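Working notes, beginning with the structure itself.
The values are calculated or read from the model by the stated rules, or taken from the named source; none is laboratory data. Remember, it's a predicted structure, so these values are computed and weren't measured experimentally. All Cβ positions, glycine included, derive from the backbone under ideal geometry; neighbour counts span all protein chains shown.
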Amino acid sequence: MDILKVVNIEQKYQAENGEITALKEISFTVKKGEFISIVGPSGCGKSTLLSIISGILKPTNGEVYVSGERVDGITSHIGYMLQKDNLLDWRTIYKNVLLGLEIRNTKTQENMERAENLLKTYGLYEFRDKYPSQLSGGMRQRVALIRTLAISPDILLLDEAFSALDYQTRLSVTDDVFRILKQEQVTTLMVTHDIPESISMGDKIMILSERPAVIKEILEIDFEMETRTPLTCRKSPKFSQYFNHIWRELSGNE
Amino acid sequence: MNNTKISAERAAYLESRGRTKKLILAWQVGILVFFVLSWELLAQFRLIDSFILSQPSRIGTTIINMVQYDLMNHVWVTVYETLVGFTLGVITGTCLAVILWWSSFVAKVSEPYLVVLNSLPKIALGPVIIIIVGAGTEAIIFMALAISLIVTVLEMLNGFRHTDSEYIRMASTFGATKGQIFMKVVFPYNIATLFNSLKINIGLSLVGVIAGEFLVSKAGLGYLIVYGGQVFKMDLVMSSVIILAVVAALMYEGVVLMQRVAMRWYNH
Ligand SMILES: Nc1ncnc2c1ncn2[C@@H]1O[C@H](COP(=O)(O)OP(=O)(O)OP(=O)(O)O)[C@@H](O)[C@H]1O
Ligand SMILES: [Mg+2]
C-alpha cells in the first residue's frame, strides 16, 4: 500500500523580478516504512518539495495524497523537521517535546505518556527538566526528533536535519535516528547534501536535477544485509559503487 | 574535582575582584559625601548664596517639616498618577503592537502616523489635553500616557518582528495558528523586550506626570516644585527634586525586581 503519492507537482515562485520554476512534473510513490533519501544540486527545490508534501506550501499544480487522502494544508499525519533544532530556550526539554501536542490540542494523558516513553527510550528522560542550553548539539537534535515523533506522524520529513552537527556527532545521531525510525516504523523522506549519509540511511535515493527540478532517477539501495545500520552500510563494498553512481549523476554529465 | 578546595590562582582572582568591587563602592559613596559636604561648607562660609542654591542642612529640615505636614500625600499623588499612566501605556501599547504585528496591512497604513507621533514632543499637547479632559488627575495621566505610548508600540512591534523566523517556521510545521504562534513563540521570545520597554516607560511616565503637574498645579511633587519656584522657596524646590529622584529610582528598581521574578518564571 502506498502511504504517500505525489502526482505531477509543479511549483513556480513569483517575485518582483520574475518567476522561478522550482519543481516540474514531480511524481512518485512511497511505501509504508520506506526511507527515501533525496539528493540534488543546491537550490534545485528540495526544501520546496518537502514544504509541499507537509502542506505548509500549496503547489502551483499537482496533488499530494497521504494514505489515499488529498493533502490540503497541514495534516496530523506528517511530521516535518528542519535543519535547526529550534528548541524554545525558555521551555524545559519535556515541555519542548510537548509543543507539537499543545499546538494540535492533542495533549492527552496517552500522548504525554508516549512522549515520556520516547524520552526514556532514547536516553533523554533524566534531562527532561533541563533547558536546551544545557544540552549538547546531538542531544538537542534528538529532542527535536522526539518532539516531531510525539505527534505520532505516519510520515516524517527531514530537511538537512543533521547538517548543523559536527561529523562525529552526526554519525552517531544518524545511527540512533535510523534505529528510532525503523523501530517506530515511520516512513521517512530525508533531504541531504551528504551523499554517504543518503546511501547509509536510504532504502531508495531520489536524485533531482538542476532547477527546474525533475526526478532524474530513483535508485534502489540494497546491501543484502539482515540488519543494516548506517554504520555497517558504510563498510560494505557496495557503498562506493553507489557513491560513484550518485556522484556521476549529480556532477551532471547529461 | 574538589569543590571545597580552590586553586591559588582562583583565590587570587576572587580576591582581586572583591577588592575592585569595594573600591568602586568607596568611590561612589565618597563622591556623594564630598559633594554634600562642600555644598554645605560653601554655603556656611557664604561663598555661595544659599537663598538661591539652598543648602543640605536646610533641605534636611525642610524635608522633616514636609513629612510632618503633607509630603506623603504629594508623593502618593505623583506615584499613583505615574503608575496608572505607566500601566495604561504598557497595556495599550502592547495591544496596539500585537495588532500591528498581526496585520502587516494595518502596520503599513499606520507607519507615517507613528513616525510623526513619535517625533512630536508630546508636552506640546498639554494644553489640548487639559481642555479636552479638564485640569485634573485625568489630564496628568493622559500626559504620561501620551509620552510613553508610542515608544511602547514601536519598541514592542520591533521586538515581535525580530522573533527568530525559524522558531515560527517550526511552530507552523505543527500547524500552529497565528494566535498560537504569538502565545507560544513570539510573546515568550520577547519577555526581555517587554521589560526593557517597561524600564524606559516608568521614566517616561514620570516625565509626563511631572509635566502634567506643572500645568495642572494642584498636588504632587511637580506641583511642589512649581509652587516653590513661584514663591521663591528654593529649599522646597530642592527638597522636592531630591525626593523625586528617590521616588524615580525606587520605581525603576521595582520594575527591575519584577523583571527578575518574570525571568525566573520563564527561565531566560
Ligand atoms: N519563497 C520563495 N520565493 C521565491 N523564490 C523562492 C522561494 N523559496 C525558494 N525559492 C527559490 O526556489 C528555488 C528552490 O529553493 P529550495 O529552497 O527549495 O531549494 P533547495 O534544493 O532546498 O536548496 P538548498 O540545497 O540550498 O537547501 C531556489 O532557487 C530559491 O531561490
Ligand atoms: Mg533546502
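Can you confirm whether A:Ala15 is crowded, with 21+ Cβ neighbours inside 10 Å and over 17 Å from the mean Cα position of the chain (by Cα)?
Values: crowded, with 21+ Cβ neighbours inside 10 Å: no; over 17 Å from the mean Cα position of the chain (by Cα): yes.
In short, no.
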Quiz prompt | Single condition A:Ile180 does not satisfy, out of (1) surrounded by fewer than 19 Cβ atoms within 10 Å (Cβ to Cβ); (2) within 16 Å of ligand 2 (Cβ to nearest atom) | solution = (2)
Exercise. Would you confirm whether any residue within region A:4-22 is touching a residue at least 60 places away in the same chain (Cβ under 8 Å), within 16 Å of ligand 2 (Cβ to nearest atom) and small (Gly, Ala, Ser)?
Key: yes
Exercise. State whether the residues of region A:124-143 include one that is crowded, with 19+ Cβ neighbours inside 10 Å, more than 10 Å from chain B (Cβ to nearest Cβ), within 16 Å of ligand 2 (Cβ to nearest atom) and under 25 Å from A:Val39 (Cα atoms).
Key: no
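I'm checking my understanding of the structure. Among residues of region A:182-217 that are of a type in the set (A, V, I, L, M) and under 17 Å from A:Leu4 (Cα atoms), which one is nearest to ligand 1 (Cβ to nearest atom)?
Step one: filter region A:182-217 for residues of a type in the set (A, V, I, L, M), giving A:186, A:189-191, A:195, A:199, A:201, A:205-208, A:213-215.
If we keep only those that are under 17 Å from A:Leu4 (Cα atoms) as well, we get A:186, A:189-191, A:205-206, A:215.
Details: A:Val186: 22, A:Leu189: 13, A:Met190: 13, A:Val191: 7, A:Ile205: 15, A:Met206: 12, A:Ile215: 13 Å.
Here the residue is A:Val191.
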Quiz item: Can you tell me which of A:Arg128, A:Arg140 is away from ligand 1 (no atom under 16 Å from the Cβ) and closer than 30 Å to A:Cys44 by Cβ?
Solution: A:Arg140
Practice problem: Pull up region A:152-203, narrow it to residues that are of a type in the set (Val, Ile, Thr) and part of a loop (DSSP other than H, G, I, E, B), then point me to the one that is nearest to the chain's Cα centre (by Cα). | Solution: A:Thr192
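Against the definition (outside the structural domain of A:Arg179 (by TED's automatic domain parsing) and assigned to a loop (DSSP other than H, G, I, E, B)), how does A:Lys120 come out, yes or no?
Numbers: outside the structural domain of A:Arg179 (by TED's automatic domain parsing): yes; assigned to a loop (DSSP other than H, G, I, E, B): no.
Against the criterion (outside the structural domain of A:Arg179 (by TED's automatic domain parsing) and assigned to a loop (DSSP other than H, G, I, E, B)), A:Lys120 does not qualify.
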Practice problem: State yes or no: is B:Phe187 more than 16 Å from the chain's Cα centre (by Cα) and either more than 14 Å from chain A (Cβ to nearest Cβ) or under 30 Å from B:Gly60 (Cβ atoms) (or both)? | Solution: no
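Within region A:34-52, is even one residue within 13 Å of ligand 1 (Cβ to nearest atom), among the aliphatic types (A, V, I, L, M) and within 14 Å of chain B (Cβ to nearest Cβ)? Quick ask: steps written out before the conclusion?
Going through region A:34-52, the residues within 13 Å of ligand 1 (Cβ to nearest atom) turn out to be A:38-52.
Okay, now just the ones that are also among the aliphatic types (A, V, I, L, M), so A:38-39, A:49-50, A:52.
Going one step further and asking which of them are within 14 Å of chain B (Cβ to nearest Cβ), we end up with A:50, A:52.
Looking for residues that are within 13 Å of ligand 1 (Cβ to nearest atom), among the aliphatic types (A, V, I, L, M) and within 14 Å of chain B (Cβ to nearest Cβ), one finds at least one in region A:34-52, hence yes.
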Quiz item: Can you find a residue in region B:96-109 that is part of a helix (DSSP H, G or I) and modelled with pLDDT under 85?
Solution: no
Practice problem: Give me a count of the residues in region A:53-65 that are within 14 Å of chain B (Cβ to nearest Cβ) and away from ligand 1 (no atom under 15 Å from the Cβ). | Solution: 1
Exercise. Keeping to region A:93-113, report how many residues are more than 8 Å from every other protein chain (Cβ to nearest Cβ) and surrounded by fewer than 18 Cβ atoms within 10 Å (Cβ to Cβ).
Key: 10
Self-check item: Tabulated pairs, region A:70-91, first at positive phi and more than 16 Å from ligand 2 (Cβ to nearest atom), second at pLDDT 85 or above and assigned to a loop (DSSP other than H, G, I, E, B), C-beta under 7 angstrom, 6+ apart or interchain
Solution: A:Gly73/A:Gly55
Practice problem: Filter region A:154-169 down to the residues that are at pLDDT 90 or above and within 12 Å of chain B (Cβ to nearest Cβ), then identify the one that is nearest to ligand 1 (Cβ to nearest atom). | Solution: A:Asp159
Quiz item: Under the condition of being in contact with a helix residue (DSSP H, G or I) (Cβ under 7 Å, 6 or more places away or on another chain) and more than 16 Å from ligand 2 (Cβ to nearest atom), which residue from region A:153-170 is farthest from A:Ser76 (Cα to Cα)?
Solution: A:Thr169
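More than 25 Å from B:Phe174 (Cβ to Cβ) and either within 16 Å of ligand 1 (Cβ to nearest atom) or under 20 Å from the mean Cα position of the chain (by Cα) (or both): does that describe A:Thr21?
Working: more than 25 Å from B:Phe174 (Cβ to Cβ): yes; either within 16 Å of ligand 1 (Cβ to nearest atom) or under 20 Å from the mean Cα position of the chain (by Cα) (or both): yes.
When the stated conditions are applied, A:Thr21 passes them.
Of the residues B:Gly229, B:Gly179, B:Gly175, which is within 12 Å of another protein chain (Cβ to nearest Cβ) and surrounded by fewer than 17 Cβ atoms within 10 Å (Cβ to Cβ)?
Numbers: B:Gly229 fails: within 12 Å of another protein chain (Cβ to nearest Cβ); B:Gly175 fails: surrounded by fewer than 17 Cβ atoms within 10 Å (Cβ to Cβ).
B:Gly179 is the lone residue from the list that is within 12 Å of another protein chain (Cβ to nearest Cβ) and surrounded by fewer than 17 Cβ atoms within 10 Å (Cβ to Cβ).
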Exercise. Could you run through region A:206-254 and say how many residues are in contact with a strand residue (DSSP E or B) (Cβ under 9 Å, 6 or more places away or on another chain) and either touching a residue at least 60 places away in the same chain (Cβ under 8 Å) or surrounded by 15 or more Cβ atoms within 10 Å (Cβ to Cβ) (or both)?
Key: 18
